[in-house]
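Notes for the one structure printed next.
The values are calculated or read from the model by the stated rules, or taken from the named source; none is laboratory data. These numbers come from a predicted model, not from an experiment. Methodologically, a virtual Cβ is constructed for each residue, glycine included, from the backbone with ideal geometry; neighbour enumeration extends over all protein chains shown.
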Amino acid sequence: MSYLVAANWKMNKTVGETLEYLDLFLPSVKELTKVEIMIAPPFTALSSASIRLDAARKEGEYNVKLGAQNMFYEEKGAFTGEISPLMLSELEVDYVIIGHSERRHKFGEKDSLINKKVISAVEHGIRPILCVGETLEEREQGKTLSVVERQIRSGLSGVERDMIYIDIAYEPVWAIGTGVNATPEQAQEVHRFIRSLINEISKGNDSKTRILYGGSVNEKNARELIKEKNIDGFLVGTASLDPERFYRIITEVMEV
Ligand code: 13P
């Protein structure tokens, strides 16, 4: 299982800015191996990014994977403003981020909806990255592990045997976009717990499931975090918006 370093650009970058970024970024990672790289631009830039990544692949450049930041679970219908798995598959999207904390807390997504999206992604051959994580209040009340357990058990309900097609991201809400990352010890405690949980629910069929850490990852803290045994990569927000900073995070991961 190789490390996965994924960029979640959130609601940032136009099509023009996406292509500019890729023109700078793709040559820099040409020689890199060992690490899987994924970029999740906004929906509007997916098509252009897909064409650019495909061209890079054909030119023998690094195989950077494409991700979407969200997805609805139905294939089509009267769901104004939503994007379906068929639409993502057509653009050769490899990954989809599901249940990001901003979807949960700013758009009210519940575990049951998130579960339907995870199931649909797996059914359509798009690898979901299920995001989980506690708020500051929940951490202070000592509820971190119980919140994460609930999010994982309900998010994965019905796909427990399909864990080889799923990755998890632990993103403590208090660490997202705040500049305050979880310490390696704090992250390790939760990652170890998640590993044992998915091992239990998948009956050991989780060997390909990576547990990513997300929350203020940058080029300075990446190395100490990735050294932890159960941290299998990163989901990076702010620092991934700059191609040089994202590249440096990837090289920190490669050195381990
Ligand atoms: P930041 O890296 O900006 O904290 O965002 C993390 C995140 O939400 C990635 O999905």
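Are there any pairs, at least 6 apart or on different chains, whose C-beta atoms fall under 6 Å, with the first in the range 235-256 and closer than 16 Å to Lys34 by Cβ and without any contact (Cβ under 8 Å) to a residue 40 or more places away in the chain and the second hydroxyl-bearing (Ser, Thr, Tyr) and near the ligand (Cβ under 10 Å from one of its atoms), and if so, which?
Within 6 Å, no pair qualifies.
Which residue, of Lys203, Lys220, Lys227, Lys208, is surrounded by fewer than 23 Cβ atoms within 10 Å (Cβ to Cβ), within 28 Å of Met11 (Cα to Cα) and out of contact with any strand residue (DSSP E or B) (no Cβ under 7 Å at 6 or more places or on another chain)?
Checking each option against the conditions leaves just Lys220.
If Leu197 meets every condition in (1) among the hydrophobic types (A, V, I, L, M, F, W, C); (2) modelled with pLDDT of 95 or more; (3) within 15 Å of the ligand (Cβ to nearest atom) apart from one, which number is that one?
Only one criterion in (1) among the hydrophobic types (A, V, I, L, M, F, W, C); (2) modelled with pLDDT of 95 or more; (3) within 15 Å of the ligand (Cβ to nearest atom) is unmet by Leu197, namely (3).
For the subset of the range 63-93 comprising residues that are charged (D, E, K, R) and touching a strand residue (DSSP E or B) at 6+ places or on another chain (Cβ under 7 Å), which member is farthest from Pro27 (Cα to Cα)?
Glu92
Which of the residues belonging to the range 231-256 are β-branched (Val, Ile, Thr) and within 11 Å of the ligand (Cβ to nearest atom)?
Once the filter is applied, which keeps residues that are β-branched (Val, Ile, Thr) and within 11 Å of the ligand (Cβ to nearest atom), the range 231-256 yields Val236, Thr238, Ile249.
If you scan the range 39-61, which residues turn out to be over 19 Å from Leu241 (Cβ atoms) and in contact with a Leu (Cβ under 8 Å, 6 or more places away or on another chain)?
Across the range 39-61, the qualifying residues are Ser47, Ser50, Ala56, Glu61.
I'd like the residue in the range 197-233 that is in a helix (DSSP H, G or I) and out of contact with any Pro (no Cβ under 7 Å at 6 or more places or on another chain) and, out of all such residues, is nearest to Glu149 (Cα to Cα).
So, considering only residues that are in a helix (DSSP H, G or I) and out of contact with any Pro (no Cβ under 7 Å at 6 or more places or on another chain), the one nearest to Glu149 (Cα to Cα) is Leu197.
Which residues, taken from the range 123-161, are aliphatic (A, V, I, L, M) and farther than 14 Å from Asp206 by Cβ?
Ile126, Ile129, Val132, Leu136, Leu145, Val147, Val148
State which residue is nearest to Ile231 (Cα to Cα) when the search covers only the range 4-25 and only residues that are hydrophobic (A, V, I, L, M, F, W, C), buried (at least 21 other Cβ atoms within 10 Å of the Cβ) and more than 16 Å from the ligand (Cβ to nearest atom).
Among them, the one singled out is Phe25.
Quick one: count up the residues across the range 34-62 that are in contact (Cβ under 8 Å) with a residue 24 or more places away in the chain and over 25 Å from Met11 (Cβ atoms).
Result for the range 34-62: 4.
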